[in-house]
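Working notes, beginning with the structure itself.
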Amino acid sequence: MRMTNISAEDARLSRLTSIALALPETERLIHGSHAQFLIRKKTFCYFLDDHHGDGIVGATFKVLPGENKALVEAQPGRFYLPSYIASRGWVALRLDRGKIDWKEVKDLLTTSYVLVAPKRLADRLVSLD
């Protein structure tokens, strides 16, 4: 009899986690099927799986002012404005449609980290580029 791991983590969450936790002083908290990524108790990314029954798997990121609306307008099939936090400069990228561009995810994640992290840590990361 073959046993399957029912609680196996979503591969998209695993990949997102490996990118996020490579950034300085980050941590991940799991909340059911969702995950929260933090830098010193400040959230810089959420992984959402069927948030409030919307059927979407996505990741949210803090972006520069106005960029969230521009991304949604340019690519409405891939980006959307997440509930509660869009008005504070956040955007969500769908991870459940087509092939995921992990370089794009890394860029969004890094930008979000830099916008949320304390200046000293953000400057350290920016100086590595």
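The values are calculated or read from the model by the stated rules, or taken from the named source; none is laboratory data. Worth saying up front: this structure is predicted, and the values here are computed from it rather than measured. Cβ: placed from backbone, ideal geometry, glycine included. Neighbour counts: every protein chain shown. Note: accessible area is taken over every heavy atom of the protein model, side chains too, but ligands, DNA and RNA are not part of it. Shrake-Rupley method; radii C 1.70, N 1.55, O 1.52, S 1.80 Å.
Things to note:
- Test result for residue 50, closer than 22 Å to residue 9 by Cβ and either open to solvent by 70 Å² or more (accessible area, probe 1.4 Å) or not aliphatic (A, V, I, L, M) (or both): yes
- Qualifying residue in the stretch 66-73 (condition: surrounded by fewer than 16 Cβ atoms within 10 Å (Cβ to Cβ) and farther than 19 Å from residue 105 by Cα): no
- Only listed residue being among the hydrophobic types (A, V, I, L, M, F, W, C) and within 22 Å of residue 11 (Cα to Cα), chosen from 122, 92: 92
- Residues satisfying the stated conditions in the stretch 88-107, i.e. under 20 Å from residue 51 (Cα atoms) and either surrounded by 12 or more Cβ atoms within 10 Å (Cβ to Cβ) or modelled with pLDDT of 95 or more (or both): 88, 89, 90, 91, 92, 93, 94, 95, 96, 97, 100, 105
- Selection from the stretch 61-92 of residues that are aliphatic (A, V, I, L, M), touching a residue at least 40 places away in the same chain (Cβ under 8 Å) and within 23 Å of residue 34 (Cβ to Cβ): 63, 92
- Given (1) of a type in the set (Val, Ile, Thr); (2) part of a loop (DSSP other than H, G, I, E, B); (3) open to solvent by 50 Å² or more (accessible area, probe 1.4 Å), number of the condition residue 111 does not satisfy: (2)
- Yes/no for residue 35 being modelled with pLDDT of 95 or more and part of a strand (DSSP E or B): yes
- The residues on offer are 24, 82, 65, and the sole one that is part of a loop (DSSP other than H, G, I, E, B) and touching a Leu at 6+ places or on another chain (Cβ under 6 Å) is 24.
- Hits in the stretch 114-129 - residues which are at pLDDT below 90 and part of a loop (DSSP other than H, G, I, E, B): 129
- Test result for residue 16, at pLDDT 95 or above, loosely packed, with under 12 Cβ neighbours inside 10 Å and either in contact with a Pro (Cβ under 7 Å, 6 or more places away or on another chain) or of a type in the set (A, V, I, L, M, F, W, C) (or both): no
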